[in-house]
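Have a look at the structure below before the remarks.
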Number of protein chains: 2
Amino acid sequence: MKIRRSERLVGMTHYLETQPYRLIPLPFFAQKYQAAKSSISEDITILKHAFLANSMGYIETLPGAGGGVIFTPGINKAVATQYLQILQQKMSDPHRILPGGYLYSSDIIGDPTLLRKIGLLIATRYAGQKADAIMTVATKGIPIAQSVAYYLNVPYVIVRRESKITEGPTLSVNYESGSSSRVEKMELSKRSLPAGAKIIAVDDFMKGGGTVSGMRNLVQEFAGELLGISVLVDASSSSSCHQPMVTTLLNVQQLDVQRPKLTVGLGNYLDMTDFSHFHNN
Amino acid sequence: MKIRRSERLVGMTHYLETQPYRLIPLPFFAQKYQAAKSSISEDITILKHAFLANSMGYIETLPGAGGGVIFTPGINKAVATQYLQILQQKMSDPHRILPGGYLYSSDIIGDPTLLRKIGLLIATRYAGQKADAIMTVATKGIPIAQSVAYYLNVPYVIVRRESKITEGPTLSVNYESGSSSRVEKMELSKRSLPAGAKIIAVDDFMKGGGTVSGMRNLVQEFAGELLGISVLVDASSSSSCHQPMVTTLLNVQQLDVQRPKLTVGLGNYLDMTDFSHFHNN
């Protein structure tokens, strides 16, 4: 059976999207689809245009014997703005307010469609920066870490606030919980990260900044390099903390538990992100 | 600019794969790509063949005014067997053995490529069963739940062993921890699930079966319907529990902490799963 171009394009789209950031030699596709290398090269040209036109990301070709194609997922600025506004609208419901000034967000981080958007936004922020792993703190950071890890195609590691028997030996740091001013402990399995790993830290919520500082210290303890920190919702009062390298998708501007009244704005994401690769020229 | 068929096929592949189980009317695509409905119909015919040929899943067409297409992700039996063998090989390393007869698996459930395989296997098992939500227990079940939720395009809910302030009101049940024979408590936010929801429960590890029983009770408390339970690794001794409706991907056949010696086989997955929709005829 002769596999026509159209079926090849569908299969290659699927393959590239499930293998982002992997160098795929053209002979691999030629063999997989029993097609000439010249046909596969033409397919790649078509895919490059189509991926940018559909705001799926960009495909880079590395020439030469050891070359091939690499797919970098990412969205353009217009789509990013639209995604942020969807999240902003979802998060702005005053019914989300919980005692203590927290926000109920389990439905948002449990919704696969919204999680894909969050993951793609953060992956676009760090596109091409060659991260080795995503780090997060249990429990609600996990879905965000996983979504980012999908798009960057790197593993993610879960920092725990208490030890679990199934983790094996751990490395731990103390940090000051910003909301309660208590000193707490977070720890990570020693098997989790190789020394020198480039880390992106993510979390769902930032209030006092203690968790974020703790992850920063933990990356140092593992002799890793922190590429940046991204949080979904920044609820820190403007004066309480100046956290460097933090990208925020949303920002709580007003939260009144009594009335109840909630105003959520966009964070610094659009200013922090370079979209130049993701626009069709 | 005229958008050619090839670019349309790439965009539609991306759209369908990120919107599984959603009815998409053909006029939506016709408008999105400014193409005639007859061209879109031809595109769909091509996509149907290509999706099956690449073991991506099947596309169903619903005729009539309220009709459209629905994409159901899933793999054929050959690919499923290959995925299970990859997981089996990964899990069989005796270095995974931890004190107490547990297995280190954080690297497997933290690897996006392996997680996609786990999610796709479980989603294939329940393909077309119209689940409303995935349920899991914190912490290590979360990545698996999220991956399944992606493919079934439904939310997932996280059961906790202890209360967190940011969850709001909760419903809780007691269960006997199989490994320690202690009575423990698990709880779920009352906002998480509507009554009558069809639930798939997932977890990373089953030892005594207590966690699985606890989730079963919790589904009852929420007046939900349990479609089934899927676990990555079944390490229960054959006599200790007979859990109905449980699908297991892998099965610990021998685990000796002292030597150390570990034998992992395939679970009952292939027997429990109907692949008939995912084969090209």
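Quick check on the stretch A:138-145. Is at least one of its residues surrounded by 24 or more Cβ atoms within 10 Å (Cβ to Cβ), facing chain B (nearest Cβ under 7 Å) and either in contact with a helix residue (DSSP H, G or I) (Cβ under 7 Å, 6 or more places away or on another chain) or at pLDDT 90 or above (or both)? Yes, because at least one residue in the stretch A:138-145 is surrounded by 24 or more Cβ atoms within 10 Å (Cβ to Cβ), facing chain B (nearest Cβ under 7 Å) and either in contact with a helix residue (DSSP H, G or I) (Cβ under 7 Å, 6 or more places away or on another chain) or at pLDDT 90 or above (or both).
Looking across the stretch B:56-91, the residues that are open to solvent by 50 Å² or more (accessible area, probe 1.4 Å), out of contact with any strand residue (DSSP E or B) (no Cβ under 7 Å at 6 or more places or on another chain) and not in a helix (DSSP H, G or I) come down to B:Pro63, B:Gly64, B:Ala65, B:Gly66.
On inspection, A:Ser106 qualifies as within 14 Å of A:Asp204 (Cβ to Cβ), open to solvent by 10 Å² or more (accessible area, probe 1.4 Å) and either among the polar types (S, T, N, Q) or not assigned by TED's automatic domain parsing to the domain that holds A:Thr273 (or both).
Across the stretch A:62-76, the number of residues qualifying as over 24 Å from A:Met272 (Cβ atoms) and touching a Gly at 6+ places or on another chain (Cβ under 7 Å) comes to 1. Selection of the stretch A:75-120 for residues being aromatic (Phe, Trp, Tyr) and at pLDDT 95 or above yields only A:Tyr83. Within the stretch A:4-12, is there a residue that is open to solvent by 10 Å² or more (accessible area, probe 1.4 Å), modelled with pLDDT under 95 and polar (S, T, N, Q)? Looking through the stretch A:4-12, at least one residue is open to solvent by 10 Å² or more (accessible area, probe 1.4 Å), modelled with pLDDT under 95 and polar (S, T, N, Q).
When B:Leu26 is tested against (1) open to solvent by 80 Å² or more (accessible area, probe 1.4 Å); (2) in contact (Cβ under 8 Å) with a residue 12 or more places away in the chain; (3) farther than 22 Å from B:Tyr150 by Cα, just one condition goes unmet, and that condition is (1). Cβ-Cβ contacts under 6 Å between residues 6 or more apart (or on different chains), taken from a first residue in the stretch B:60-74 that is farther than 9 Å from B:Arg22 by Cβ to a second residue that is open to solvent by less than 10 Å² (accessible area, probe 1.4 Å) and charged (D, E, K, R), are absent. Filtering B:Gly208, B:Gly196 for residues that are in contact with a Gly (Cβ under 6 Å, 6 or more places away or on another chain) and either open to solvent by 10 Å² or more (accessible area, probe 1.4 Å) or assigned to a helix (DSSP H, G or I) (or both) leaves a single hit, B:Gly208. Within the stretch B:209-231, residues that are of a type in the set (Phe, Trp, Tyr) sit with their Cβ atoms under 9 Å from residues that are in a strand (DSSP E or B) and open to solvent by 20 Å² or more (accessible area, probe 1.4 Å), at 6+ positions apart or across chains, in these pairs: B:Phe222/B:Leu171.
Once the stretch B:268-279 is narrowed to residues that are touching a residue at least 40 places away in the same chain (Cβ under 8 Å) and more than 20 Å from B:Leu52 (Cβ to Cβ), the residue that is least open to solvent (accessible area, probe 1.4 Å) is B:Tyr269.
The values are calculated or read from the model by the stated rules, or taken from the named source; none is laboratory data. Predicted, not measured: the structure shown is a model, and the values here were computed from it. Neighbour counts run over all protein chains shown; Cβ positions are idealised from the backbone, glycine included. Accessible surface is based on the protein model in full, side chains and every heavy atom, while ligands, DNA and RNA are left aside. Shrake-Rupley method; radii C 1.70, N 1.55, O 1.52, S 1.80 Å.
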